[in-house]
Amino acid sequence: MGGDHHPLDRPVWSTLTGRQAHLAEGDAQAVRIDLRYGPFGAAADWGAGAQAALAALVPDDGELWIVEDEPWPVPPGTREVKRALLAQMVAVGAPPPARDGEPPIIPLSDADAAEMAALAGHARPGPWGPATHRYGPFFGIREDGRLLAMAGQRMLMPGMAEVSGVATWADCRGRGFARALIGHVMRAMMARGEQPFLHSYADNAGAIALYESLGFRIRRQVHVLAIAR
C-alpha cells in the first residue's frame, strides 16, 4: 500500500477509526461497523495480521464490504462474493438552491424505520440494515401518508459527510424527488460546515449525470470487494 492517504482514499477505515469509531467493532488491526448499520469493514494494511483480523470480522451468515483506493486482496479463509468499481464524487461550490414547486421535505426518524427499510429493499440504494437510518439525518417526501422517496447520510470524516440512501419507489420516479432530496441533504451538510461526498457505481451513467448536475465532480474511482466466509 502507498504512503500518505486522503481520508477519502480509504473511506471505511477513515470513518471507523475517526468520527464514527463509536460504531466500530474490532481493534487496531481491523474494524467493521456494527452489523445493524451495514456490512462495511477495513483492515489497517495488507499484512498477514491485519488480513487475519479482517477475516475474523466477517459475519458467519453474511458479507463484509471493503472499499479501498486499490483492489484489495481476498483475506485467507474468506471468499470473494463480488467486486465493483465506484465513482467517488465530491461536491464543489455552493449547494444547489431549492427549485420552485418542490414538494415538502420532512425529517425521518425511528417511527419511519419500517417504511424506510421497505423502500431501501425496493430501490436498493446500497447496503441497508435495521439501524442504517440512524447514521444521521434522513429526510423524506410523503404524499397521502405514503413515503415516496428518501435520502440521508452515512459515512462521516473530518469536514465531510456522505450523501447516501437515495431511494424512490419505481412508480414515483421522474418527478424530481431524488434531486430535491439530495439538494436538501447537501444544504444541511454545508450549513454544518461539511463538504458532501458520495459513491455511485461507476457504470451508473444516469445517477452520475444527476449528481454532476447538483455540483458533484468525480474525484477518483474506488474499489469495492464483498467477501464471505
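One table, with the values for the structure above:
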quantity: Kirkwood-based Rg to Rh ratio, the range 116-229, C-alpha trace; calculated: 0.95
quantity: Whole-percent carbon and sulfur share, accessible surface of the range 1-114, 1.4 Å; calculated: 55 percent
quantity: Inter-label distance for TYR201 and SER213, nm, one decimal - labels placed 7 Å from Cα along Cα-to-Cβ; calculated: 2.1 nm
quantity: Helical contribution to [θ] at 222 nm, DSSP H n ≥ 4, -39,500 (n - 2.57), averaged over the chain, rounded to 500; calculated: -6500 deg cm²/dmol
quantity: Kyte-Doolittle mean at least 0.0, axial Cα span of 18 Å or more - DSSP H helices of the chain; calculated: 177-191
quantity: Zero-based 5 Å bins, Cα pair distances in the range 1-112, whole percents; calculated: 2, 10, 18, 19, 17, 11, 8, 7, 5, 3, 1, 0
quantity: Ratio Rg/Rh, restricted to the chain and using Cα atoms, in which Rh is the Kirkwood radius; calculated: 0.97
quantity: Other-chain or far-sequence residues with amide H under 5 Å of ALA44's (modelled H); calculated: ALA30
quantity: Carbon/sulfur fraction of accessible area - the range 150-229, other protein chains in place, 1.4 Å, %; calculated: 51 percent
quantity: ASP45 versus ARG99: modelled label distance in nm, points set 7 Å from Cα along the beta carbon direction; calculated: 4.9 nm
quantity: Accessible area per residue, Å², the chain with all protein chains present, probe 1.4 Å; calculated: 44 Å²
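The values are calculated or read from the model by the stated rules, or taken from the named source; none is laboratory data. Keep in mind it's a predicted model, so treat the numbers as computed, not measured. Using ideal geometry, Cβ is built from the backbone for each residue, glycine included, and neighbour counts are taken over all protein chains shown. Accessible surface is based on the protein model in full, side chains and every heavy atom, while ligands, DNA and RNA are left aside. Shrake-Rupley method; radii C 1.70, N 1.55, O 1.52, S 1.80 Å.
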